[in-house]
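Student: Encoded as structure tokens, here's the structure I'll be asking about.
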Ligand code: SAH
């Protein structure tokens, strides 16, 4: 009946131990849990019937108790530069976006962590959407499986890198993002290397400290965009609650604990942070701990408050950073023609 269907639990919400308990309670052997777990988290199977080392009866048993919620690639667009943008439909019909970015000998998945975003960065298209909910562990995991599949299909190589730079603020969905990374990296899951994963945050000091305490092995990028508190508050209003001094000390703490360099993401805008005082503040900030700076090309989101700075302003940043011996690169935009570029993932279909 319909009410039975609704009562079925998503099997991927269960830990391996809970799955073992289920099999034992059903008079079956506990090792079945390991087999099912492998189908779910290593092979990414979405159908009990594909679990071919289980008997027909066991498959029916699972099917009568559980569902396997999963994502579906709803729409796919390919950019002239090879970038793929996927509109991903979740089991409750909400949409997020994931991007596959190919480079010469690697591919990167840009994945989402929330439907909409908790924060309110003025320059970001996602912030114009209402935050609806956090993504579950399996919804984050499935994006990686889907993009890995595309990478193998279109570029003949497995997915090599993952960045949490899609929709949402990953640290506002801390447990599920770390839970997904666990499944992505563990040998029982996809077995990808943690060092190929980068979590990008707008900078929430106490959660940066928590990651350090939790001993995470992936890389950290911080969207700074200004090292001057008054400027940052204007472009990222939530940062009133998270002052730059606290952000700085949390990054020093991160480095102490992990010994891993932090990437500072920095967009340079005309009339906002394209002046010498801003560059000096950035240099001082970056001197406090090992870091490298990604200068990001801005992708306009259809509002003229924010405009890409001139080439001269970008060169000024590069020169001053290089003179201060701070590693820096300019991150060129990819997938612009299909709105797959950084910060453009606002899902036009939904907005219209
Ligand atoms: N919330 C996280 C991750 C998602 S945003 C964070 O803030 O880091 C990923 C990156 O895209 C951030 O550095 C963000 O500042 C940047 N970004 C947002 N809108 C952009 C735009 N229109 N053009 C270029 N980069 C943008």
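The values are calculated or read from the model by the stated rules, or taken from the named source; none is laboratory data. In this text the structure is predicted, and so the values were computed from the model without any measurement. Because the Cβ atoms are built from the backbone with ideal geometry, glycine has one as well, and the counts that use them run over all protein chains shown.
Student: Quickly run through region 33-59 and pick out the residues that are buried (at least 18 other Cβ atoms within 10 Å of the Cβ) and farther than 27 Å from residue 148 by Cα.
Tutor: Answer for region 33-59, where residues must be buried (at least 18 other Cβ atoms within 10 Å of the Cβ) and farther than 27 Å from residue 148 by Cα: just 58.
Student: What residue, among those in region 290-320 that are part of a loop (DSSP other than H, G, I, E, B) and more than 27 Å from the chain's Cα centre (by Cα), is nearest to the ligand (Cβ to nearest atom)? Outline the logic, then answer.
Tutor: Taking region 290-320 and keeping what is part of a loop (DSSP other than H, G, I, E, B), we get 290, 297-307, 309-310.
Filter once more, so that each one left must be more than 27 Å from the chain's Cα centre (by Cα): 304, 310.
Values: 304: 13, 310: 16 Å.
Across region 290-320, the extreme among qualifying residues is 304.
Student: Which of (1) touching a residue at least 40 places away in the same chain (Cβ under 8 Å); (2) within 26 Å of residue 271 (Cα to Cα); (3) surrounded by fewer than 21 Cβ atoms within 10 Å (Cβ to Cβ); (4) away from the ligand (no atom under 14 Å from the Cβ) does residue 227 not meet, given it meets every other one?
Tutor: The single condition residue 227 does not satisfy is (3).
Student: Taking residue 196 as meeting all but one of (1) without any contact (Cβ under 8 Å) to a residue 12 or more places away in the chain; (2) touching a strand residue (DSSP E or B) at 6+ places or on another chain (Cβ under 7 Å), write down the number of the exception.
Tutor: (1)
Student: Then there is this: Which condition from (1) touching a residue at least 40 places away in the same chain (Cβ under 8 Å); (2) over 24 Å from residue 179 (Cα atoms); (3) touching a strand residue (DSSP E or B) at 6+ places or on another chain (Cβ under 8 Å) is the one that residue 81 breaks?
Tutor: (3)
Here's the yes/no breakdown for (1) crowded, with 20+ Cβ neighbours inside 10 Å; (2) modelled with pLDDT of 95 or more; (3) over 27 Å from residue 15 (Cα atoms):
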position: 94; (1), (2), (3): no, no, no
position: 108; (1), (2), (3): yes, yes, yes
position: 111; (1), (2), (3): yes, yes, no
position: 117; (1), (2), (3): yes, no, yes
position: 127; (1), (2), (3): yes, no, yes
position: 132; (1), (2), (3): no, no, no
position: 140; (1), (2), (3): yes, yes, no
position: 157; (1), (2), (3): no, yes, yes
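Student: Tally time: how many residues in region 188-215 are within 16 Å of the ligand (Cβ to nearest atom) and surrounded by 20 or more Cβ atoms within 10 Å (Cβ to Cβ)?
Tutor: 10
Student: Between a first residue in region 161-187 that is more than 22 Å from residue 42 (Cβ to Cβ) and near the ligand (Cβ under 10 Å from one of its atoms) and a second residue that is part of a helix (DSSP H, G or I) and modelled with pLDDT of 95 or more, which pairs have beta carbons less than 7 Å apart while being 6 or more apart in sequence or on different chains?
Tutor: Once the first residue is more than 22 Å from residue 42 (Cβ to Cβ) and near the ligand (Cβ under 10 Å from one of its atoms) and sits in region 161-187, its partners that are part of a helix (DSSP H, G or I) and modelled with pLDDT of 95 or more give 170/177; 171/207.
Student: State whether one or more residues within region 76-90 are within 16 Å of the ligand (Cβ to nearest atom) and either within 22 Å of residue 218 (Cβ to Cβ) or modelled with pLDDT of 95 or more (or both).
Tutor: Looking through region 76-90, at least one residue is within 16 Å of the ligand (Cβ to nearest atom) and either within 22 Å of residue 218 (Cβ to Cβ) or modelled with pLDDT of 95 or more (or both).
Student: Quick one: which helices (runs of 4 or more DSSP H) sit completely within region 197-265 and have at least 2 residues that are more than 21 Å from the chain's Cα centre (by Cα)?
Tutor: On the way: elements: 205-213, 229-235, 244-258.
In region 197-265, 229-235, 244-258 are the helices (runs of 4 or more DSSP H) which contain 2 or more residues that are more than 21 Å from the chain's Cα centre (by Cα).
Student: Let me ask something additional. Being closer than 29 Å to residue 45 by Cα, in a helix (DSSP H, G or I), more than 10 Å from the ligand (Cβ to nearest atom) and within 13 Å of the chain's Cα centre (by Cα) is true for just one of 138, 142. Which residue is that?
Tutor: On the way: 138 fails: within 13 Å of the chain's Cα centre (by Cα).
Going through 138, 142 in turn, just one is closer than 29 Å to residue 45 by Cα, in a helix (DSSP H, G or I), more than 10 Å from the ligand (Cβ to nearest atom) and within 13 Å of the chain's Cα centre (by Cα): 142.
Student: Report the residue count in region 249-270 for those that are under 19 Å from residue 330 (Cα atoms) and away from the ligand (no atom under 16 Å from the Cβ). Steps first, please.
Tutor: If we filter region 249-270 for residues that are under 19 Å from residue 330 (Cα atoms), which is where we start, we get 261-270.
From the residues that got through so far, the ones that are away from the ligand (no atom under 16 Å from the Cβ) too are 261.
Summing the residues that are under 19 Å from residue 330 (Cα atoms) and away from the ligand (no atom under 16 Å from the Cβ) in region 249-270 gives 1.
Student: While we're here: Going through region 230-248 one residue at a time, which ones are closer than 25 Å to residue 314 by Cα and more than 12 Å from the ligand (Cβ to nearest atom)? It would help to see each step written out before you state the result.
Tutor: Quick first cut of region 230-248, residues closer than 25 Å to residue 314 by Cα only: 230-237, 239, 244, 247-248.
The answer is 230, 231, 233, 234, 237, 244, 247, 248.
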